[in-house]
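Working notes, beginning with the structure itself.
The values are calculated or read from the model by the stated rules, or taken from the named source; none is laboratory data. Predicted model, so just to flag it, every value in this text is computed and none were measured. Every residue, glycine as well, gets a Cβ built from its backbone with ideal geometry; the counts of neighbours run over all protein chains shown. These area figures cover heavy atoms from the full protein model, side chains too; ligands, DNA and RNA do not enter into them. Shrake-Rupley method; radii C 1.70, N 1.55, O 1.52, S 1.80 Å.
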Amino acid sequence: MKKPLDSGFPGTASHILLAGIALCAFATARAGTIIWGTVTDYATASDVSTQGVLVEAVNLCGTGAASNLSVNGVPFTARTNLLSGDATATFLSGDTGNPSYNQLLNSLDFQSANPATISIGGGLLEAGKIYQVQAWFVDERSSSDARAMRFGDGTASPLSGEVNDQHVTGTFTADGTSQALTITGVTSGPHFNAYQVRDISSPVPTLSTTAGQAVTSGFVVSISFSENVTGLSTGDFLVTNGTASGLSGSGTSWSVTVTPTGNGDVMVTLPKNTVIDGNGHGNVASKTILTTSVA
């Protein structure tokens, strides 16, 4: 059964102290200050944040293709030995209603020495951008009831509340391509199951069209951004077997006409860093939309 929410005070018997997980290798990790949110009980796959754009999601102790899991649409890549040991067991006594989320929470990495500092972000962070980090610790075995973790950033900045069969989310502004994340166990060494890092400062474009799977002439593509942007032009679009014209719109809502240049597939994409938001952050690349010209 899930244990109750912790009190947030160190030393409570049923908690894990997460003193800090490093988002990059200890010797080279940068340490932007992580501001932690509320520690939350695990519940369903919707626990997994989908805010912004995924940078990295890792299933600790996962091995092989079967451990590459998709939970709430987020692909977690299997990795082992981020800490000195790893284990797979029935750490989860309940049921999240999602087999992949259950599997994610039934494996973890651990070590005996406190604290542990790891590198996360995959070297893909951009200085000045705002990122979200989410981490999980679940071990509901009766023999591990006293375990609790606290997460931090390798500095004296505020730590997360004690995490015990729960997850916690924080935000930070990157000061380099990687970020330090530290974990400290309250009554044991560091243990944790998974983490993800998400870019929450870049504008996210979504392309759509009502033209259907086949077109006989030009069609309109709508572009919706996650926040107000400026600087968009027709030349920014990457169009295969077609041309873009007639751009209109502002802020978060835009449209452009795409005219096929021949029969066959027509693909439209907006590459990264073609527009900026009010803070000067460039957009992430859009997903490609595809239709077929049969004129």
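Mind ranking D145, D277 by accessible surface for me, highest first, 1.4 Å probe? It would help to have the intermediate numbers written out before the result.
On the way: D145 70, D277 10 Å².
The residues order as D145, D277, largest area first.
How long are the semi-axes of the equivalent ellipsoid of segment 26-170, taking √(5λ) for every eigenvalue λ of the Cα gyration tensor, in whole Å from largest down? If you can, show how the numbers build up before the last one.
Working: eigenvalues 101, 67, 51 Å².
Ellipsoid semi-axes (Å, largest first): 23, 18, 16.
So if the hydrodynamic radius of segment 106-206 is defined as the Kirkwood radius over C-alpha pairs, what does Stokes-Einstein give as its diffusion coefficient at 4 °C and 1.567 mPa s, in µm² per second? Could you put the intermediate results ahead of the total?
On the way: Rh = 14.3 Å.
Approximately 91 µm²/s, per Stokes-Einstein.
What's the local net charge at T269, with K and R +1, D and E -1, over the other residues with C-beta under 11 Å away? Each step should come with its number before you reach the end.
On the way: positive: K272, K287; negative: D236.
Residues near T269 contribute +1 overall.
With every protein chain left in place, what is the accessible area of T230 in Å² (1.4 Å probe, nearest 10)?
Result for T230: roughly 80 Å² accessible.
How big is the accessible area of V239 in square angstrom, nearest 10, if you roll a 1.4 angstrom probe over the protein chains?
Looks like 30 Å² after rounding.
Dipole of the chain (Lys/Arg Cβ +1, Asp/Glu Cβ -1, origin at the Cα centre): which of G185, G73, S112 lies farthest to the positive side?
After comparing all options, I get G73.
Rounded to the nearest 10 Å², what accessible area does D47 show when all protein chains are kept and the probe is 1.4 Å?
Spelled out: D47, probe radius 1.4 Å, area about 30 Å².
Please give the calculated 222 nm ellipticity per residue for the chain, where each DSSP H segment of at least 4 residues contributes -39500 (n - 2.57) and the sum is spread over every residue; nearest 500 deg cm²/dmol? The partial results should precede the final answer.
Numbers: 1 runs with 7 residues, N = 295.
One gets -500 deg cm²/dmol as the mean residue ellipticity at 222 nm.
Counting DSSP beta bridges in the chain, what percent are antiparallel, to the nearest 5?
Numbers: 71 of 77 bridges.
Approximately 90 percent, going by the DSSP bridge assignments.
Can you give the convex hull volume of the alpha carbon atoms of the chain per residue, in Å³? The partial results should precede the final answer.
Working: hull volume 40.6 nm³, N = 295.
Spread over its residues, the Cα hull of the chain gives 138 Å³ apiece.
Ordered by residue, what ³J(HN,Hα) values in Hz, to whole numbers, does segment 97-111 give under the Karplus form 6.51 cos²θ - 1.76 cosθ + 1.60, where θ = phi - 60° and Gly and Pro are x?
x, 9, x, 5, 5, 4, 5, 4, 8, 9, 9, 7, 9, 8, 7
Per the 1.4 Å probe, what fraction of the accessible area of the chain, in percent, lies on carbon and sulfur atoms? The partial results should precede the final answer.
Details: 6510 of 12230 Å².
Whole-percent figure for carbon plus sulfur exposure: 53.
Using the crude model of +1 on Lys and Arg Cβ and -1 on Asp and Glu Cβ, and no other charge, please compute the dipole size for segment 135-244 relative to its Cα centre, in debye to 20. Write out the running numbers ahead of the final one.
Numbers: 4 positive and 10 negative charges, 30 e Å.
Its charge dipole is roughly 140 debye.
On average, how much accessible surface per residue is there in the chain, in Å², for a 1.4 Å probe, leaving out ligands, DNA and RNA?
41 Å²
According to a simple spin-label model (label point 7 Å from Cα along Cα-to-Cβ), what is the distance in nm between T210 and A285?
Taking the two extended label points, one gets 3.0 nm.
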